[in-house]
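A.B. asks: My questions will all concern the structure given below.
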Amino acid sequence: MTLASIAAGALVVMGILLFTMGVSPLKRAPDGAALVRALSHHATDLRDRGQSATSIVTLETLVRSGHLKPAEASEWKGVRITFYRDANETRPQSIVAVAVMPDGSGTALLGDGSVQQLTRARLEMLHQQKDQPLGPTSGD
């Protein structure tokens with residue numbers, strides 16, 4: 001799966017996540033577009049340096065690489081956001097992108113294109129079945 005596809009799907013996940021976070025018009029919503037831009041710039045930089053893209057990209061990866069400002073990442077404090085490059089339509093239940101909330105529940109974009117809100121138990125089961133780690137907690 002290309003990172004462009006992952007980035008497009010990430011926008012969907014971010015929209016649903018913002019909805020589930022209960023972001024009101026009076027609150028400033030986290031900048032999902034900055035996250036997608038950072039993911040795209042990260043992939044471009046790796047390609048330009050002749051390096052292969054990693055199979056997992058986290059919020060922390062994007063901050064360490066300088067593609068996402070710490071202030072932008074702090075908007076997602078407590079939410080673990082992870083993108084998986086190896087997910088695709090031939091593995092419909094593989095996770096493309098996931099945002100895990102502090103309570104362990106999350107919103108995931110799956111390889112079949114569906115976006116699902118998942119309990120902690122279901123997320124852990126998907127990760128174990130597909131050998132995809134959940135990734136570290138963002139902002140910690």
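Bear in mind these aren't lab numbers, they're just calculated from the coordinates by the rules spelled out. Since this is a predicted model, take the numbers as computed values, not measurements. We place every Cβ from the backbone using ideal geometry, glycine too, and count neighbours over all the protein chains shown.
A.B. asks: I want to check the label-to-label distance for residue 47 and residue 89. Put each point 7 Å from Cα in the C-beta direction and report it in nm to one decimal.
C.D. replies: 2.0
A.B. asks: Next up: Grab the beta carbon distance between residue 101 and residue 33, set R0 = 25 Å, and tell me the FRET efficiency rounded to 0.05.
C.D. replies: Numbers: r = 21 Å, r/R0 = 0.83.
Working from the Cβ atoms, E equals 0.75.
A.B. asks: Net charge within 11 Å of residue 32 by Cβ-Cβ distance, Lys/Arg positive one each and Asp/Glu negative one each, not counting residue 32 itself? Please report the intermediate quantities before stating the final value.
C.D. replies: Details: positive: 37; negative: 31, 72, 75.
Once all neighbours under 11 Å are counted, the net charge is -2.
A.B. asks: Between residue 115 and residue 74, what's the calculated FRET efficiency when r is the beta-carbon distance and R0 is 41 Å? Round to 0.05. Show your work: numbers first, answer last.
C.D. replies: Numbers: r = 25 Å, r/R0 = 0.60.
For R0 = 41 Å, the calculated efficiency reads 0.95.
A.B. asks: For residue 43, what is the net charge nearby, where nearby means another residue's Cβ is under 13 Å from its Cβ and Lys, Arg count +1, Asp, Glu -1? Before the final figure, lay out each step's value.
C.D. replies: Working: positive: 37, 47, 49, 85; negative: 45, 48.
Charge balance in the 13 Å sphere: +2.
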